[in-house]
Every structure is written in C-alpha cells, then in structure tokens.
1. How many residues does the range 205-235 contain that are more than 30 Å from Glu69 (Cβ to Cβ), of a type outside the set (D, E, K, R) and free of Cβ contacts under 8 Å to residues at least 60 places away in the same chain?
2. If you take the residues of the range 274-314 that are assigned to a helix (DSSP H, G or I) and among the polar types (S, T, N, Q), which of them is modelled with the lowest pLDDT?
3. Which condition number in (1) closer than 24 Å to Phe356 by Cβ; (2) under 20 Å from the mean Cα position of the chain (by Cα) is the one that Tyr189 fails?
4. In the range 254-272, what count of residues is obtained for those that are among the aliphatic types (A, V, I, L, M) and over 20 Å from Asn290 (Cβ atoms)?
5. Restricting the range 205-236 to residues that are crowded, with 16+ Cβ neighbours inside 10 Å and charged (D, E, K, R), which is farthest from the chain's Cα centre (by Cα)?
6. Check Thr145 against each of (1) in a loop (DSSP other than H, G, I, E, B); (2) under 47 Å from the mean Cα position of the chain (by Cα) and name the one condition it does not meet.
7. Looking at Leu349, Leu367 in this structure, which one is buried (at least 17 other Cβ atoms within 10 Å of the Cβ), at pLDDT 90 or above and hydrophobic (A, V, I, L, M, F, W, C)?
8. Restricting the search to the range 186-204, which residues are more than 30 Å from Gly243 (Cα to Cα) and surrounded by fewer than 13 Cβ atoms within 10 Å (Cβ to Cβ)?
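The values are calculated or read from the model by the stated rules, or taken from the named source; none is laboratory data. Note that this is a predicted model, so its numbers are computed, not measured. In this analysis, Cβ positions are derived from the backbone assuming ideal geometry, glycine residues included, and neighbour counts consider all displayed protein chains.
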Amino acid sequence: MSQNAYTPGAQNAPYGLLQANPDGSFYPALSAFSPTETDLIAKEIQREIFDAAPAQYNALKIIFQKEFEEVGSDEFEYKEQTFHRTALESNAIAAAVPGVPNTQVTQTVTLTAATYGYVSPDMIIVYPTNEKGVVKALLGGNQITVGSVTGQGLPATAVGDVFAIMSSIDADGLDYFSIYERTNVITRYNFVHLFCRAKRWDRVELLKFQNMGTTNYLDIDRENLVKAIRTDMFNILFNGEGGEFSISNNNAAKTMWGIYPTMVNAQSASGTTTLAGLQSTFETLALQTNFKAEGATRFIYGTQEILHELSKIYKVPGLRYTPNDSIAKLGLMEYDFGGMKFVPVPCELFREPSCFPSSWARRLLVLDQETITPIKMRGLPQFEMGGTLMAEGMNGSRERFKDWYVRGNLSLRMHNPLSSFSVDVL
C-alpha cells in the first residue's frame with residue numbers, strides 16, 4: 001500500500017485543517033489559501049429546516065373559530081332587513097312660511113325620488129333646524145304637503161336638507177289607517193371559492209430523497225402545501241373579488257367576495273388620515289358604525305406597525321381578551337373606551353408584497369365579527385389532502401411520478417357591512 005509523503009505545516013501541504021473541508025463546503029470560495037475539499041468528510045446539516053415564513057394567521061383562527069355554515073351550491077344569496085325607517089332628503093328650495101295664531105300653515109316640500117317612497121300622510125317629520133311638521137298629503141312628483149304645529153310656522157328648505165321621521169300620529173274616532181308599510185330587504189350573494197395546489201415527484205427522484213435525504217425536506221415540502229392553501233384563504237378572505245375568471249384551457253371558475261370588497265360595495269364607512277389625525281378619525285368612524293350592544297367587541301385587523309401607533313394613542317394598559325379558550329390562546333389584548341371594546345389582531349401578511357398591495361400595510365379593518373360567517377359547500381371537506389398512485393406494486397398505475405395535493409373551499413356571508421369600517425393611514 002503506497003503512502004503519500006508530505007511536510008507537515010508547509011504552506012502547500014496537502015493535509016491539515018485547511019484541507020479538511022467536506023464536498024460542497026462554503027469555505028474555499030472565501031479563502032485566499034487555496035483549501036481543498038474531500039468526500040471523506042460529511043457535511044454537517046441540521047436535519048430540521050427552519051420555517052422563516054410569516055406565521056401570523058390569527059385572523060383565520062378568529063374567523064374560523066365560528067362554526068362553518070354549509071350551503072348546497074357554489075352560489076348562495078342571503079337577505080337582511082334594513083332599519084325600519086329612512087331619512088327624507090329635500091331636492092328643491094322651499095320658502096319659509098310664517099306662523100299664524102290658532103292656525104296651521106302648510107308648505108310644499110320636494111323630496112328626492114330615492115326617499116319619496118319612505119313617507120306617508122300622518123308622519124311627523126323634523127326639519128334640520130328641529131322644527132316639526134306633519135305630512136298631510138302626497139302630491140306626486142316627489143312633492144308632499146307639510147302642515148305646521150298650530151300657531152307655528154315652517155322654516156325654509158334647501159337642496160340636500162335631511163328630515164328625520166319622528167313618529168306617526170293618530171286621532172281618536174278615525175275609520176281609516178294612514179300609514180301602510182312593508183319590510184324592506186336587501187339581497188346579497190357570494191360564490192364558493194375553490195382552492196388547489198400540488199407537488200410532483202418522479203419515482204426514482206422521490207426514492208433518492210427518501211433513502212439519502214440529509215434533512216426533513218420531504219416533510220417540509222408536503223407541509224408547505226397546507227401553508228400555501230392557508231395563505232390563499234387568508235388573502236381571498238380579506239381581498240377576494242367576486243366574479244368569474246377564465247383560467248387555463250379557458251375553464252371558467254368562480255371567485256368569492258372577500259371582506260374588504262364586500263365593505264366597499266356596501267359603502268361601509270371609511271377614512272384616510274395621517275398619524276396625527278388617527279385618533280379623531282378612528283373614534284368618529286367607531287361611533288358612526290356602533291350598531292352593537294354596549295360593551296360588545298369589535299376586532300381591529302392591521303399590521304403591527306399601525307396597531308402600535310394605535311396603542312400609543314390609548315395609553316391605558318390593555319386588558320387580556322379571554323372570551324373563550326380558542327381565542328384566549330392567542331394572547332390578544334383589548335381597548336375599552338366610550339362603552340365600546342376593540343381587540344387588535346396583528347396581520348403581518350398585510351405587509352407582504354406577494355400577498356397584498358402596498359396600501360394594505362397601513363390599513364386598519366375594524367370588523368364586527370358577529371356579522372361574518374365562514375361558508376363551505378356541503379359534501380366537500382373544507383380541506384382535503386391526498387396523493388396519486390404511481391407505478392409500484394400490484395395496484396400501481398402507469399405514472400412514474402407521484403402528485404401530492406391539497407384542495408379546499410371557502411366563502412363568507414357578511415351581514416350588515418355597515419357595522420364595520422376601514423382606515424387608511426398615510
């Protein structure tokens with residue numbers, strides 16, 4: 001057996017620590033001393049691959065902790081009744097009518113076509129200046145006759161004046177009813193969104209990774225299918241645009257309305273402000289949209305950056321929010337002011353450019369969680385995972401590859417989007 005002769009410690013010695021580098025070492029590319037590599041040393045590779053992807057899915061946990069409702073089709077509609085009265089709006093100028101002692105004076109008021117249908121004789125309406133009048137007759141052409149309180153006058157009106165409907169009024173001994181009404185409903189709809197992602201491994205390629213793998217790469221690769229679908233669901237849940245896409249091979253596919261587009265379509269309250277005006281804008285919109293019982297909770301979704309700015313405004317120590325076990329585990333806090341409660345929920349995916357436009361990084365969505373119900377299609381699992389057969393064994397197929405896949409389906413119903421609001425911070 002031959003032996004190599006060398007001088008230990010020499011500058012170009014073929015042995016020593018400088019030459020003891022495994023194949024694929026990163027060191028030779030950094031060194032000025034011409035080190036070498038050897039296949040006699042194995043690389044030290046940590047088996048567990050660290051997950052550096054964003055981990056903030058609290059929004060899904062909070063919304064999905066509500067039991068999914070099942071629908072029988074990939075399209076569904078739902079109805080909600082509006083508030084039982086609508087303010088009236090003036091569409092023309094009317095001159096003031098002075099009062100006459102012991103006499104009722106009248107005035108002709110022209111309403112907008114959109115509000116004329118909400119008025120009836122014997123309704124007391126309130127002018128913007130707080131004078132009251134009673135509707136005596138509907139004249140057609142969006143005009144009504146208004147009578148004053150006996151002995152009082154009626155003020156002038158301008159285009160855009162808004163009249164409140166205070167109450168009905170009745171008198172004893174009548175043989176008729178004046179005010180006939182029917183409940184008004186709004187129809188909303190949504191589609192069920194289908195998700196699917198897959199990974200393919202050739203047969204021998206897969207065996208090499210199973211037999212010779214140095215890390216848990218195969219496990220991570222399959223787990224990432226689930227994470228990819230969860231991210232899809234997060235993005236669609238908040239920003240999905242309802243409608244149809246013509247996808248590959250010209251196949252038609254439906255897509256769901258997400259929370260924010262639903263709010264935009266319903267004309268939910270919104271505001272744009274600088275940091276200096278954040279408190280004023282937030283509180284104005286919070287009061288304007290407060291349809292909940294006193295002490296009820298709404299959730300604030302946003303990036304940690306914007307939620308931190310909000311926390312500096314409300315400097316009182318936050319209380320731990322613990323309505324139930326599943327949400328309590330998230331360690332969320334809550335703010336309480338003006339009889340309203342708000343729970344901030346960090347959503348760092350809002351700042352991820354591969355998921356949302358840049359404007360979302362500084363957007364707050366304040367949601368009435370009770371109005372949002374997650375939907376799935378009856379007969380389809382919310383999630384399903386599987387793998388295709390490949391050419392192996394008696395029951396194998398002719399394919400010499402294996403596909404792993406994850407499928408899912410999701411939609412939502414959002415009643416009364418007007419109880420939620422958004423704020424964009426410049």
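1. 7
2. The initial filter retains those residues of the range 274-314 that are assigned to a helix (DSSP H, G or I), namely 275-288, 304-313.
With among the polar types (S, T, N, Q) added as a condition, the list becomes 279-281, 284, 288, 304, 311.
Working: Gln279: 88, Ser280: 89, Thr281: 91, Thr284: 90, Gln288: 85, Gln304: 87, Ser311: 81.
Filtering the range 274-314 for residues that are assigned to a helix (DSSP H, G or I) and among the polar types (S, T, N, Q), the one modelled with the lowest pLDDT comes out as Ser311.
3. Of everything listed in (1) closer than 24 Å to Phe356 by Cβ; (2) under 20 Å from the mean Cα position of the chain (by Cα), Tyr189 misses just condition (1).
4. To start, the set of residues in the range 254-272 that are among the aliphatic types (A, V, I, L, M) comprises 256, 259, 263-264, 266, 269.
Applying the additional criterion that residues be over 20 Å from Asn290 (Cβ atoms) yields 256, 264.
The total comes to 2.
5. Applying the filter and picking the extreme gives Lys227.
6. That leaves (1) as the condition not met.
7. The match here is Leu367.
8. Filtering the range 186-204 for residues more than 30 Å from Gly243 (Cα to Cα) gives 200-204.
Val204, the sole residue that qualifies.
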